[in-house]
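Here the structure is laid out as structure tokens; the discussion comes afterwards.
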Amino acid sequence: MSVLVFIESSEGEIRKSSLEAVSYAAALDRGEVIALAIGEAEESALAKAGISGASRVLHAKDEQLKEDNIMAYASVVAEAMEKENAEILVLAKSSLGDAVASRVAIKSNAALASNVVELPDFSAGFKVKRGIYTGKAFVNVDLKAEKKILAIKKNAVPLKEDGAPCAVDAFASTVNEADFALKITGVEKAEGEILLPEAEIVVSGGRGMKGPENWHILEDLAKSLGAATGCSKPVSDMEWRPHHEHVGQTGIKVSPNLYIAVGISGAIQHLAGVNSSKCLVVINKDPEAPFFKAADYGIVGDAFEIVPKLTAAIKALNA
Amino acid sequence: MKILVCISHVPDTTSKIAFTDNNTKFDTSGVQFVIGPYDDYALARAVELKASHGASVTVLNVGEASTEPTIRKALAIGADEAIRVNAFPSDSHFVASQIAEVAKQGSYDLILMGRESIDFNGGMVHGMVAEMLGMPSVSPVMRLDIEGDLAKMSREIEGGHEEVEVKLPFVAGCQEPIAEWKIPNMRGIMSARTKPLNVLEPVEVGEFSVVENYELPPAKGEVRMVDADNVEELVRLLKEEAKVL
Ligand SMILES: Cc1cc2nc3c(=O)[nH]c(=O)nc-3n(C[C@H](O)[C@H](O)[C@H](O)COP(=O)(O)OP(=O)(O)OC[C@H]3O[C@@H](n4cnc5c(N)ncnc54)[C@H](O)[C@@H]3O)c2cc1C
């Protein structure tokens, strides 16, 4: 028996969340850990899955798999599960991961748990803990089917970094023409930016920033910290910032080590997207802003004065 | 064009989450239930397509009788008829199986729902339904236009978006800014009372997962305030106490 891990890459490297999934699979201790990468990637980059515990990487690199076609990817993952006799499929929860895992669950007749935050309890059955109610609670579920799919929440499980690069073998998948009913006609993606859902530090701005022309203040702070930038819903609704930066109940759910909220009031729907951050810093001119109740550290004051000072202090620390 | 919109019946986003019966049941006392916010986007887009393309809109909820006020609200927003599959939505496999069954009977051109429900946040039902029906699935969809039998969509990916085209029929998991949430008007509310709401019994589904119990996260500690004139102190705390720098 084996554990298959579907891994995703960004800018030529395996995503941290995918390495967390590989680490999780290794910690399961339920047989050989095999990573599966689909689409274009360098072998030397994929081999690094070994560092997090994979014994080998399968690489499906058919020309038709260059774009992340949900249906074709699901077929490849299900085929690899079958060929490798995998009992468990592990993957990082993501835009593509969710879309693929749900189809694989039906193809492979597997039980699926999404937003998993801990290793399972094998003492009686196969019990996993997963986040529900947008971070406000957890549920322990017993997975009943023979095969299981676990989609792991980001930054929730430890990263293993003490292994060695492993072999990368080509995976010849069957091309199923029907899967290409889905056509990808264009991709627009920010280059060279830290991806918000993957970021270890997030600097986020709300309506208190007054307008898009002021965002450079937050971008400077983000740059000094190696952070991604996020925003509240009204900010993306007003198109001050792109939609993929919108954090909260109806946007991206982040779980970084540090979330710095600037000029965000802390409405419950915003908090729902940030409540699994390890450390929350709030900067707001209103001492009564509800965000302070959820924060670890707070500063009351004008963002336009405080943020540049903070950026300078971080730069001084890094110097 | 026939559109099926699948809606979840979930606690309002401001609800306090608590459990009873030794942490085995969700505590519904004082909780207001609403159409899932993502499903509400799907419904809003369906109602727009109804106006622009002359579509018919059926809403579907898998739930017990207590969900009917939520279903009536969807009718008030502009759906033409409703179906309730009379069962507790125990897990995504179960819900997807019920939706797929209804979809098979109704031969819909478009099956829309939210990218995820805000109670169990699985985000898996759309893909499962599509796979069961042998249809394409696209999620999370931020823009959806129909031109003849072709759908043009924009799908959110980490750090950007992807343009996708697919022929009808297919399944889409929706999110903003696909449409603006719609508030029912008086005429909508009146007419919703007499629109058909058919109750179907569920099909049998094998057991894939069983809830053992629920947990709440540990309580948060007190916030530590730092003086606005002393940001260096914040940096020190983040480095030495929180150890996040
Ligand atoms: C169903 C539903 C879903 C929702 N989903 C989301 C979601 O996913 N994400 C989300 O963010 N919201 C969401 N909302 C909206 C949410 O309720 C709030 O309206 C929103 O989060 C407020 O954004 P904000 O904090 O930027 O703006 P505001 O509430 O206007 O707050 C601005 C803050 O900036 C402070 N401020 C002003 N000037 C300064 C200054 N110079 N320096 C420092 N501070 C300053 C003010 O004191 C205030 O606290 C949702 C709402 C609903 C009903």
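Output the residues belonging to the stretch A:9-52 that are of a type in the set (Lys, Arg) and under 27 Å from A:GLU191 (Cα atoms).
Matches in the stretch A:9-52: A:ARG15, A:LYS16, A:LYS48.
Here is a check on your reading of the model: is B:SER191 among the small types (Gly, Ala, Ser) and in a strand (DSSP E or B)?
no
Answer yes if at least one residue in the stretch B:215-226 is outside any loop (DSSP other than H, G, I, E, B) and either out of contact with any helix residue (DSSP H, G or I) (no Cβ under 9 Å at 6 or more places or on another chain) or away from every other protein chain (no Cβ under 11 Å) (or both), and no otherwise.
Yes: the stretch B:215-226 contains one or more residues that are outside any loop (DSSP other than H, G, I, E, B) and either out of contact with any helix residue (DSSP H, G or I) (no Cβ under 9 Å at 6 or more places or on another chain) or away from every other protein chain (no Cβ under 11 Å) (or both).
Check the stretch A:299-318 and report whether any residue there is under 21 Å from B:GLY221 (Cβ atoms), within 11 Å of chain B (Cβ to nearest Cβ) and either buried (at least 24 other Cβ atoms within 10 Å of the Cβ) or more than 13 Å from the ligand (Cβ to nearest atom) (or both).
Yes, there is a match, as at least one residue in the stretch A:299-318 is under 21 Å from B:GLY221 (Cβ atoms), within 11 Å of chain B (Cβ to nearest Cβ) and either buried (at least 24 other Cβ atoms within 10 Å of the Cβ) or more than 13 Å from the ligand (Cβ to nearest atom) (or both).
State yes or no: is A:ALA99 within 19 Å of A:ASN155 (Cβ to Cβ), outside any strand (DSSP E or B) and of a type outside the set (Asp, Glu)?
no
How many of the residues making up the stretch A:134-181 are aromatic (Phe, Trp, Tyr) and in contact (Cβ under 8 Å) with a residue 40 or more places away in the chain?
2
Run B:ALA76 past the list (1) of a type in the set (Gly, Ala, Ser); (2) closer than 24 Å to B:MET186 by Cβ; (3) within 14 Å of chain A (Cβ to nearest Cβ) and report the number of the one that doesn't hold.
Only one criterion is unmet by B:ALA76, namely (3).
Tell me, please, whether a residue that is closer than 25 Å to B:GLU156 by Cα and outside any loop (DSSP other than H, G, I, E, B) can be found in the stretch A:24-34.
no
Only the coordinates and a few stated rules stand behind these numbers; no lab work does. Quick caveat, the model's predicted, so the values are computed rather than measured. With ideal geometry, Cβ positions are generated from the backbone for all residues, glycine too; neighbour counts draw on all protein chains shown.
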